[in-house]
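The structure under discussion appears below in the form of structure tokens.
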Amino acid sequence: MPIARHKQTPRKRRDTTAVRVKRTRNGPANWLRAYADLHVETLKSSFARLRRTPVASSMTVLVIAIALTIPASFHLFIKNVRQASSTLEATNQVSLFLKPELSNETGGKLAETLKKHPQVAAAELITKEAGLQELKSYSGFGDALRALDFNPLPAVVSIKPKDSLTRPEEVEKLLAELKALPETDFVQLDTEWMHKLNSLLTIAQRSVIVFSVLLSLGVLFIVGNTIRLELQNRHEEIAVAKLMGATDRFIRRPFLYAGFWYGFLGGTLAWLIVSAFLLFLRGPSRRLAELYGSPYTLSFLGLTETELLIGASVSLGIIGAWIVVSYHLRELDAT
Amino acid sequence: MLQFINVSKRYSDSGEVLSNVSFRLEQGEMAFLTGHSGAGKSTMLKLIPLIERPTRGQVVFDGRPINHLPKRQVPHLRRKLGLIFQDYRLLHDRTVFDNVALPLQIAGYGQQETARRVRAALDKVGLLRKEKRYPLALSGGEQQRVGIARAIVHKPSLILADEPTGNLDPDLSAEIMALFREFNQVGVTLLIASHNLDLISRFACRTLKLHQGQLVEGD
């Protein structure tokens with residue numbers, strides 16, 4: 001078809017052009033293509049513009065990334081601590097410490113008695129020696145313990161309550177009963193510190209929300225300020241485009257795309273930083289999990305969280321650009 | 001095509017710049033607008049694309065009064081006009097091609113259509129070979145021809161030129177004017193503001209003369 005057109009005389013060519021123009025202007029498919037062209041073109045040209053000022057653009061992207069890394073990594077930290085504590089919570093158990101002067105045999109008898117208790121699923125004696133051994137191998141206090149010439153540990157009966165025992169009052173009642181036994185020195189519910197930790201984590205989680213909001217505002221300002229400088233640089237272009245009949249939408253579009261790029265690149269970089277941060281922590285956290293005898297492994301940003309991070313970042317970029325450009329256009333109209 | 005009915009424009013700081021101006025410009029006409037600097041030529045031209053709105057009176061374009069045209073319709077009005085400026089107002093970070101393509105991009109033409117029309121416009125002003133250059137690499141006369149190509153590329157119904165030869169030497173000025181006349185001969189309507197009476201006198205065109213904000217000749 002294009003070859004054929006070249007062969008036509010100029011006069012004829014003008015005619016075909018006229019027909020084509022009409023079709024281009026009226027055909028919905030062509031209009032759609034022109035519209036898509038425009039968007040793809042703007043997407044590309046706004047990225048090219050970012051690359052034209054690599055230092056300034058990278059600085060903006062980096063600042064956005066850092067601003068997003070802080071709440072994201074804080075969130076991940078809490079998430080991981082929560083998950084780690086929940087794997088421990090599964091080993092919900094009561095430790096009954098016998099009075100130090102009582103022997104392993106007394107402990108053994110007590111364990112046998114307790115096994116018959118209706119609310120107890122299992123009761124097992126941990127002898128003074130076994131306790132010391134365990135402490136030596138897992139806790140890292142090995143050397144200090146070796147320096148002792150006697151075993152300071154009491155015998156312990158480790159009790160696992162029945163799974164049906166879920167309500168706190170019932171647990172409390174069982175604990176009171178165990179405390180009242182003449183052999184008992186003290187009783188410790190191993191999940192107690194977990195509850196304290198959980199309420200601490202809830203507080204921390206709330207602060208993540210506050211951080212996120214504040215730093216999101218930060219991102220909005222960073223993008224807004226960058227776009228504002230860009231608007232100043234392109235003042236003449238905007239003025240000319242307006243004289244040529246550009247709508248506000250047309251003028252706004254490349255800046256919204258610039259905002260999109262800043263947000264997208266900033267969000268992606270934040271994701272990379274957070275992931276690198278986690279990789280850095282993976283080794284030590286694995287060792288920590290081993291110490292607790294927990295199967296826990298560090299969890300990274302999930303798909304939803306990644307989408308949320310980048311989505312939020314992109315939205316903030318676009319919104320920041322929108323606010324600044326709209327404000328600028330209003331000012332331009334006023335003069 | 002274009003009609004001014006008792007149009008006045010007053011600025012709060014410089015008083016009345018146009019008083020009671022009335023005239024008609026017919027389809028296919030080419031007219032000059034003359035007068036000393038400060039006579040109100042630029043102001044008059046600004047009232048047509050609604051860069052300014054008149055204080056009193058009515059401006060009618062294409063059979064429609066435009067004084068109270070809502071802001072969101074102003075872009076569509078401007079797309080029917082071709083504006084040419086004394087200082088060209090080209091975008092220096094874009095090639096000649098991209099400068100001329102601007103009105104088409106604004107109007108939402110596809111890439112192929114844009115390319116064809118831009119080349120046609122550049123061909124008309126004799127700059128087809130320089131489409132990849134940047135404006136600052138061109139001479140003043142060439143830059144103004146790029147400005148003209150940009151003003152005609154979207155086939156506007158009226159071309160407004162504000163001192164288009166103000167920065168050019170006499171030879172180049174004559175060239176530009178000849179170009180305008182060529183356009184007029186194929187039916188383009190033009191209104192050209194210029195204080196270069198010597199140049200104007202060479203064309204047998206209607207001349208509107210402004211003096212202290214009043215139309216004293218050619219209405």
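We did not get these values from a lab; they are worked out from the coordinates using the rules stated. Not measured: the values here are computed from a predicted model. As a convention, Cβ positions derive from the backbone with ideal geometry for all residues, glycine included, and neighbour counts pool all protein chains shown.
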For residue A:39, net neighbour charge (Lys/Arg +1, Asp/Glu -1) across residues whose Cβ lies under 15 Å away: +3
Eligible lysines near residue B:124 by straight Cα distance, threshold 16 Å, same-chain separation 8 or greater: B:155
Crossing angle, helix B:140-152 versus chain B [Cα axis fit, 0-90 degrees, rounded to tens]: 80
Principal-axis tilt of helix B:111-124 within chain B, Cα atoms, nearest 10 degrees: 70
Ranked A:208, B:186, B:60, criterion: other C-beta atoms within 10 Å, fewest first: B:186, B:60, A:208
Listed residues B:4, B:149, B:107: farthest to the positive end of the dipole of chain B (Cβ charges): B:107
Neighbourhood charge, 13 Å Cβ-Cβ cut-off, centred on residue B:148 and excluding it, Lys, Arg +1 and Asp, Glu -1: 0
Relative contact order (%) - the stretch B:1-109, alpha-carbon pairs under 8 angstrom, separation at least six: 25
Unit charges on C-beta of K, R, D, E only; dipole of the protein assembly as shown, Debye: 3280
Under 5 Å, built H, 5+ apart or other chain: amide partners of residue B:84: B:160, B:161, B:162
Using a Förster distance of 45 Å, the FRET efficiency for residue B:133-residue A:59 (Cβ separation, nearest 0.05): 0.85
Cβ crowding within 10 Å averaged over residues, with A:210-222, A:177-189 ranked highest first: A:210-222, A:177-189
Chain B, relative contact order in percent, only Cα pairs under 8 angstrom and at least six apart counted: 31
Between 0 and 90°, nearest 10: helix B:96-107 axis offset from chain B longest Cα axis: 60
Ordering of B:19-25, A:283-289 by burial proxy (mean other Cβ atoms within 10 Å per residue, highest first): B:19-25, A:283-289
Local electrostatic count, residue A:223, Cβ distance below 15 Å [Lys/Arg +1, Asp/Glu -1]: +2
Relative contact order, percent, the stretch A:93-188 [alpha-carbon distance under 8 Å, six or more residues apart]: 47
Positive dipole terminus of the stretch A:93-188, leading residue within A:120, A:95, A:150 (C-beta point charges): A:120
Cβ-placed point charges (K, R +1; D, E -1), dipole of the stretch A:93-188 about Cα centre in debye, nearest 20: 180
Pair residue B:175, residue A:239: separation of 7 Å Cα→Cβ label points (nm): 2.7
